[in-house]
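Worksheet: one structure, shown below.
The values are calculated or read from the model by the stated rules, or taken from the named source; none is laboratory data. Note that the structure is predicted; figures quoted are calculated from it, not measured. Glycine gets a Cβ as well: all are built from the backbone with ideal geometry, and neighbour counts include every protein chain shown. The accessibility values were calculated without ligands, DNA or RNA, using every heavy atom of the protein model including side chains. Shrake-Rupley method; radii C 1.70, N 1.55, O 1.52, S 1.80 Å.
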Amino acid sequence: MLRIADIKKDKKRIIAGLAKKRVENAREVIEDLLMLDEQRRHTQAELDSVLNESKTISKQIGALMKAGDREGAEQAKQQTGALKARSKSLQEQLRNIEEKLIRRLYNIPNAANEKVPEGATPEDNVVVLEHGAVPQLPEGALPHWELIEKYDIIDFELGNKITGAGFPVYKGKGAKLQRALINFFLHEAEKAGYLEIQPPVIINSDSGYGTGQLPDKEGQMYGIVDSDLYLIPTAEVPITNLYRNVIMKDEQLPVMNVGYTPCFRREAGSWGAHVRGLNRLHQFDKVEIVQIRKPEESYQALEEMCVYVEGLLEKLELPFRKVLLCGGDLGFTSAITYDMEVFSAAQNKWLEVSSISNFETYQANRLKLRYKTTEGKTELLHTLNGSALALPRIVAAILENNQSGEGIRVPEVLQPYTGFDAID
RNA sequence: AGAGGGUUGGCGGAGUGGUCGAACGCGGCGGUCUUGAAAACCGUUGUACCGAAAGGUACCGGGGGUUCGAAUCCCUCACCCUCUGCCA
């Protein structure tokens, strides 16, 4: 979340960043917050002085008792009654104010970075890079949901029986293709210097608050009955939270982690007729890269992460484009996000397969993730993450783009991982 | 799952109601000494909030309570260890 100190120091920029993100009445929201903080400080100061007074008397009572002056001690006790009542009520007030303050802070999104373009909807996103030729498909080319039936590699009906819509069952070469992609992505990340992490796929609410899924996206996560736990919507949550409440040493930075996990999303409200096949699922696999950087390095790191993901797509021979999200399309916690989209030829559609974001200090502030500067000051770090990559849409694009009368060609880089060169 | 024992500063470890934010040791930092280093000695060494500063307040696993006063007593939750049981 945003820091009051930063808001005070940089009010104009933050209001502009929130407005860009389409926060209504950004100025009022911020002014309100500052007023509330002012109240907090007043109450705190008053409380402190009352506590100080009563502590002083307590110490005197201690001294009197020691000296054997019981009467004096009893007398001094009389004085504390009023102070006690006063401090109780101030404490109550302070708690109320702080609760209000934190609730508001939790519900204010990150401010958009200066580089983020204005705009309200995905139509306002800016395509910054296109790569690869759109493939020419043969006559009678099929969308992936028909291909998977034809070659019997993914079964949605079976998934319906076991769980419900959006939980596909992968079979035979379909399952192997999944496993191959996961291994390929992990292997590439390792070569690029990322440390592999296998985190829990169930998180507690502290973790959810740490990275910002809570309270904002409570309805998008699957909760575990009779507990304070949730299924992860992305590996970002458990991996970034590894560093919650940590003051990093210089030699531990930068952090570069990669993790494969299944991801679980309710996708409430985003289901529709246009969402077919693998385009949107409740459970899917994803390899995620996470970086933790010093503030001055984070934008360089963001670029490097983009280049890394572009490399993966190139190796998979998929035509893609890189999109800079406009303010209105940015995620709650993100300061800036690039989406990578692959072209899915039979659907004639761009599919988002990666989202690469810099959260600046927004998550770090919630996480209390800090480092010591060379001057010995404790400062917040920047967190970043990106999908590298999300599997289902990659599978969709591979199936659609590589189809021919004889079957589906497996991209060359994947063949060592699949052990076969075609699905037929 | 049952019984018992624990959780104190970067680490180890005292402290069982009154100047305790916390002895002592280790580690870290600064200095003296040294050609340099080690050793020895001296000093310093948690985090957050308020304050221009002086200083104040909070924090001894989390939350609540008793008390003029809680690291210390009570309740509750979490986690760890040991033994018993069960299990991939």
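Structure values in brief
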quantity	calculated
Those residues of the stretch A:1-57 which are in contact with a Phe, Trp or Tyr (Cβ under 7 Å, 6 or more places away or on another chain) and open to solvent by 50 Å² or more (accessible area, probe 1.4 Å), in sequence order	none
Boolean, A:VAL225 is touching a Leu at 6+ places or on another chain (Cβ under 7 Å) and either of a type in the set (D, E, K, R) or open to solvent by 40 Å² or more (accessible area, probe 1.4 Å) (or both)	no
A:ARG393 vs. criteria buried (at least 23 other Cβ atoms within 10 Å of the Cβ) and of a type in the set (D, E, K, R)	yes
The one condition in (1) of a type in the set (S, T, N, Q); (2) at pLDDT below 90; (3) under 30 Å from A:LYS349 (Cα atoms) that A:ASN125 fails to fulfil	(2)
Number of positions in the stretch A:34-49 that are within 6 Å of RNA strand B (Cβ to nearest atom) and either within 15 Å of A:ILE4 (Cβ to Cβ) or in contact with a His (Cβ under 6 Å, 6 or more places away or on another chain) (or both)	2
Among (1) more than 21 Å from A:ILE289 (Cβ to Cβ); (2) open to solvent by less than 60 Å² (accessible area, probe 1.4 Å), the one test that A:GLU218 misses	(2)
Single unsatisfied condition, A:ALA189 versus (1) within 30 Å of A:TYR371 (Cα to Cα); (2) within 18 Å of the chain's Cα centre (by Cα)	(2)
Residue in the stretch A:167-182 that is over 22 Å from A:LEU253 (Cα atoms), in the same structural domain as A:PRO411 (by TED's automatic domain parsing), crowded, with 20+ Cβ neighbours inside 10 Å and modelled with pLDDT under 95 present	no
Residue in the stretch A:327-335 that is aliphatic (A, V, I, L, M) and surrounded by fewer than 20 Cβ atoms within 10 Å (Cβ to Cβ) present	no
Meets criteria (among the basic types (Lys, Arg), buried (at least 23 other Cβ atoms within 10 Å of the Cβ) and under 20 Å from A:PRO143 (Cα atoms)) for A:ARG409	no
Conditions (1) in contact with an Asp or Glu (Cβ under 8 Å, 6 or more places away or on another chain); (2) surrounded by 14 or more Cβ atoms within 10 Å (Cβ to Cβ); (3) assigned to a helix (DSSP H, G or I): number failed by A:PRO238	(1)
Out of A:GLY376, A:GLY328, sole residue that is touching a helix residue (DSSP H, G or I) at 6+ places or on another chain (Cβ under 8 Å) and either closer than 18 Å to A:VAL127 by Cβ or within 16 Å of RNA strand B (Cβ to nearest atom) (or both)	A:GLY328
In the stretch A:65-123, the residues that are part of a loop (DSSP other than H, G, I, E, B), of a type outside the set (A, V, I, L, M) and surrounded by fewer than 15 Cβ atoms within 10 Å (Cβ to Cβ)	A:GLY68, A:ASP69, A:GLU114, A:LYS115, A:GLU118, A:THR121
Those residues of the stretch A:8-49 which are under 17 Å from A:ASN96 (Cβ atoms) and either in contact with a Gly (Cβ under 6 Å, 6 or more places away or on another chain) or in contact (Cβ under 8 Å) with a residue 12 or more places away in the chain (or both), in sequence order	A:ASP32, A:LEU33, A:LEU36, A:ASP37, A:GLN39, A:ARG40, A:THR43, A:GLN44, A:GLU46, A:LEU47
Selected residue (only one of A:VAL323, A:VAL275 is free of Cβ contacts under 8 Å to residues at least 40 places away in the same chain and either outside the structural domain of A:TYR209 (by TED's automatic domain parsing) or outside any helix (DSSP H, G or I) (or both))	A:VAL275
